[in-house]
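The values are calculated or read from the model by the stated rules, or taken from the named source; none is laboratory data. Note that the structure is predicted; figures quoted are calculated from it, not measured. When we count neighbours, we look across all protein chains shown, and the Cβ atoms used for this are built from the backbone with ideal geometry, even at glycine. Each accessible area value is taken on the protein alone, full model and side chains, heavy atoms only, with ligands, DNA and RNA left out. Shrake-Rupley method; radii C 1.70, N 1.55, O 1.52, S 1.80 Å.
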Amino acid sequence: MGKLDGKRAWITGGGSGIGAGAALALARSGAEVIVSGRRPEPLQSVVDEIAKAGGAARAMPLDVANADEVAEVREQIGRVDILLANAGLNVPKRSLGNVETGGWDLVVDVNLNGVFYPVHAVLPGMRDAGCGLIILISSWAGRYAGKLTGAAYNATKRAVIALNETINAEEGGNGIRSTVIMPGEVATDILRSRPRRPSDKDIARMLQVDDLAETVRFVAEMPPHVCLNEILISPTWNRFYQGFDELS
């Protein structure tokens, strides 16, 4: 018997990186998993891997920046016990000196609106059920803004922390709890959008997808009376402490 038997988890940004890893971890704990994202093929790969291990999963593609799509998929899913709002991105031109308005809008649409829309969609059902868990993926940059991550990313990830606080303040009385996870550097595909890709040696010392997947599972397996408000997690060798001039 898994600790999450009978639970249904919806994961945005579920086709790769933290979302895919978390989908596998939650399925191993017994949850039925729905993975969403823009690309159907990676989503189906995650579903197939879960199925091979004897788990239950579905792929439901969507653009998290489209409120109507999010609401429609939520209706198709039905009950949601656990929401992992994980979708996020960054753009190469990210400093205040070279960020373009289109790039800013894209980051805000995905990293902030794309977190709020799924939260907004699941709250009514969670209120009716009198329980529910929301997990938001922010960033170390949400707590400690820096040059490496850029203006739009810093601003949106800080806003996700504020959204998490608001959920707990307004919905805790309804049995709904929310956790924001703020990881330092994680070895995921988002590294490709950096102006300079880190070295293989540096990537190996970063947090790995499995580290975050197990963190999500740990949060999800907490009993309903426990709210882990915030988790700030980083590699032991944290490049944010090395000085931003050395970062790539």
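Here are the numbers for this structure:
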read-out: Net charge of Cβ neighbours under 12 Å - reference Phe218; Lys, Arg +1; Asp, Glu -1; value: -1
read-out: Angle in degrees between helix 17-28 and the longest Cα principal axis of the chain, rounded to the nearest 10; value: 30
read-out: Which listed pairs, of Lys7/Lys52; Lys3/Lys52; Lys52/Lys201; Lys147/Lys201, have C-alpha distances above 25 Å, in listed order; value: Lys52/Lys201
read-out: Centre separation in Å (Cα based) which lies between the range 114-153 and the range 7-44; value: 16
read-out: With every protein chain in place, the chain: carbon and sulfur % of accessible area (1.4 Å); value: 51
read-out: Heavy-atom accessible area per residue - the range 1-94, 1.4 Å, Å²; value: 43
read-out: Nearest-20 debye value, the range 68-139 charge dipole, Cβ charges on Lys, Arg, Asp, Glu; value: 300
read-out: C-alpha long axis of helix 40-52 to longest principal axis of the chain, angle in °; value: 50
read-out: Helical contribution to [θ] at 222 nm, DSSP H n ≥ 4, -39,500 (n - 2.57), averaged over the chain, rounded to 500; value: -12500 deg cm²/dmol
read-out: Helix axis angle, 114-129 relative to the chain longest principal axis, alpha carbon, degrees; value: 20
read-out: Within the chain: Cβ-based charge dipole about Cα centre, in debye rounded to nearest 20 (Lys, Arg +1; Asp, Glu -1); value: 500
read-out: Selected from Ile134, Ile181, Asn154, residue furthest toward positive end of dipole (the range 120-237; charges at beta carbon); value: Asn154
read-out: Heavy atoms of Lys7 accessible to a 1.4 Å probe, total area in Å² rounded to 10; value: 80
read-out: Cβ charges +1 (Lys, Arg) and -1 (Asp, Glu), total dipole of the range 95-216, debye; value: 420
read-out: Pairwise Cα inverse-distance average, inverted: Kirkwood Rh of the chain (Å); value: 18.1
